[in-house]
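The structure appears below as structure tokens.
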Amino acid sequence: MNMRNISPQIPDLAAISFSDLSAFAQELGLASYRARQIRRWIDARGAASFAEMTDLPKALREQLGARARIFTPPVVRENTAPDGTRKFLLELEDGLTVECVLIPDENRLTLCLSTQVGCPVNCSFCLTGRMGLARNLTSAEIVGQVRAVWPRTGRRITNIVLMGMGEPLLNFENTADALRRLTDPMGFAFSSRRITLSTAGIVPGIERLGREGPPVNLAVSLNATTDELRTRLIPINRKWPIDRLLAALRAYPLPPRRRITIEYVLLGGENDTDEDARRLAALLKGLRCKVNLIPFNPFPGSLHRSPDRNSVERFQRILTEKRYSAFVRESRGKEIRAACGQLWAEEKKTGDELRVES
């Protein structure tokens, strides 16, 4: 691992906990409120340097600059699709890279975050899984994606989804800490209702999230109605098969007026039949949920194909007739491979790839 940019003797105030930041401020002889000011500047206002913290005395800003640093992952590549979706490649301090995606809508601006470099789950329909897992992201690296992208948006990010690279619940401690920081009123101040965590079905992680929170929205990638097919598509189904997964979802402590989102990637000729739709309706009976149907987006070397439009419409109609809220989610950013399951961060970069695009 290349640690060329990491300076362990100089604390990164964007990476440490608030209690450690308070202790650091105390070491400098500062009043306790200064730690809150610094955290607000870093998280709520996206400050990338101490010079930007204009309500701190100049002498203090200079002192902080000499004793500490603020690391924001630099954007080394940015691509924009015709539909306005923007994909960002960010470089971490050890030289590895990770991707996140900004998705604009009329009334919302959603940022899709990654929680790992690569992914160990290896879903057959997901390009990211072919990378394998390089490592988990730290809490600071997860929220650092927000800090890196926010200044480039021109408007406030309204929603956060943990649906990028990696399986959030296989990086539970860092993901949970990042969620607490994102919802902290003193920092980013996102409502938990506007944050969604997506999982491939890590049952112990779902149970732990239910116990420990914070109470963000939960989305589960189901994608099949039989264990035989789901195991082929999502190998972790061997460990946590459909019946155990659904039992965990039924026991999940949902806040009032919230529903679990069931994500179902439609694969042409594999899981998109009328029979599949009826089995899905039966499986979900009694579960407070909605269903997002996601037509598969092929990528080079993929073993699957897109479903035809008639199959998608029939599938949705069957679920609707069974009184489920079922929505067809057309993936955004297909042209730049920012669509669902298509993130891939190159770890070996050429000089051109390291050029920051403004």
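The values are calculated or read from the model by the stated rules, or taken from the named source; none is laboratory data. It should be emphasised that the depicted structure is a prediction, and the values quoted were computed from it without experimental measurement. No Cβ is skipped: glycine too gets one built from the backbone with ideal geometry, and neighbour counts run over all protein chains shown. Note: areas computed on protein heavy atoms with side chains; ligands, DNA, RNA excluded. Shrake-Rupley method; radii C 1.70, N 1.55, O 1.52, S 1.80 Å.
How much length would be gained if the chain were fully extended between Arg135 and Leu303, taking 0.36 nm per residue of separation minus their Cα-Cα distance, in nm to one decimal?
57.8 nm
Report the normalised scattering of the chain as log10 I(q)/I(0) at q = 0.10, 0.13 Å⁻¹, calculated by the Debye formula with identical scatterers on the alpha carbons.
Values, matching the q order: -0.64, -1.03.
What is the ratio of the Cα radius of gyration of the stretch 143-235 to 2.2 N^0.38 Å, with N the residue count, to two decimals?
Rounded to two decimals, the normalised Rg is 1.20.
Enter the accessible area per residue of the chain (Å², integer; probe 1.4 Å; all protein chains in place).
Here the per-residue accessible area is 45 Å².
Ignoring ligands and nucleic acids, what accessible area does Trp240 show with a 1.4 Å probe (Å², nearest 10)?
Surface accessible to solvent at Trp240 totals approximately 30 Å².
Quote to one decimal, in nm, the extra length available between Ala48 and Asp177 on full extension: 0.36 nm per residue of separation minus the C-alpha distance between them.
Extra length from Ala48 to Asp177 when fully extended: 44.3 nm.
Please list the non-local residues whose amide H lies under 5 Å from the amide H of Val291, H modeled 1.01 Å from N, same-chain partners needing a gap of 5 or more.
Here the answer is Ile262, Ser325, Ala326, Phe327, since their amide H atoms fall under 5 Å of that of Val291.
Compute the acute angle (0 to 90°) between the alpha-carbon long axis of helix 139-149 and the principal axis of greatest extent of the alpha-carbon atoms of the chain; round to the nearest 10°.
90 degrees
Roughly what % of Cα-Cα distances in the stretch 1-91 sit above 15 Å, to the whole percent?
65 percent
As an exercise, take the mean of 1/r over every pair of distinct alpha carbons in the stretch 293-335, invert it, and state the Kirkwood radius in angstroms.
The answer is 11.7 Å.
Mind checking the alpha-carbon convex hull of the stretch 59-213 and giving the volume per residue in Å³?
143 Å³
For the stretch 119-174, what is the largest minus smallest coordinate of the Cα atoms on each principal axis, given in angstrom and ordered from greatest to least?
36, 25, 16
Long-range amide H contacts for Thr199: which residues qualify at under 5 Å (H placed 1.01 Å from N, peptide plane, sequence gap of 5 or more or a different chain)?
Ala219, Val220, Ser221
Quick one: pull the percent of accessible area on the chain belonging to carbon and sulfur, 1.4 Å probe, ligands and nucleic acids left out.
49 percent
Rank by packing, highest mean first: peptides 66-74, 175-183, with packing defined as the count of other Cβ atoms within 10 Å averaged across residues.
Packing proxy ranking, top to bottom: 175-183, 66-74.
Over all distinct alpha-carbon pairs, what is the Kirkwood Rh of the stretch 36-88 in angstrom?
About 13.0 Å for the stretch 36-88.
Against the longest alpha carbon principal axis of the chain, how many degrees, from 0 to 90 and to the nearest 10, is the axis of helix 309-321 turned?
90 degrees
For the peptides 46-59, 276-289, 187-200, what is the packing order when you average, over each peptide's residues, the other Cβ atoms within 10 Å and list the highest mean first?
187-200, 276-289, 46-59
Tell me which of Ser32, Ile142, Val117 sits at the most positive position along the dipole axis of the chain, charges placed on C-beta atoms (Lys, Arg +1; Asp, Glu -1).
Most positive-ward Cα: Ser32.
³J(HN,Hα) across the stretch 221-232 via Karplus (A = 6.51, B = -1.76, C = 1.60, θ = phi - 60°), whole Hz, x for Gly/Pro?
Per residue, the Karplus-derived 3J(HN,Hα) values read 8, 8, 6, 7, 10, 10, 5, 4, 6, 5, 5, 5 Hz.
Could you calculate the contour length gain from Asp227 to Ala282, that is, 0.36 nm times the residue separation minus the distance between their Cα atoms, to one decimal place in nm?
Extra length available between Asp227 and Ala282 comes to 18.3 nm.
Report, largest value first, the span of the C-alpha coordinates of the stretch 230-339 along each principal axis, in whole Å.
Computed over the Cα atoms, the extents are 39, 33, 28 Å.
What does the charge dipole of the chain about its Cα centre add up to, to the nearest 20 debye, if the Cβ of each Lys and Arg holds +1 and the Cβ of each Asp and Glu holds -1?
In debye, rounded to 20, the chain gives about 1000.
First check a/c for the stretch 188-245, with a ≥ b ≥ c the square roots of the eigenvalues of its C-alpha gyration tensor; if it is under 1.5, answer rounded, and if not, answer prolate when a/b is larger than b/c or oblate otherwise.
Because a/c hits 1.5 or more and a/b exceeds b/c, the stretch 188-245 counts as prolate.
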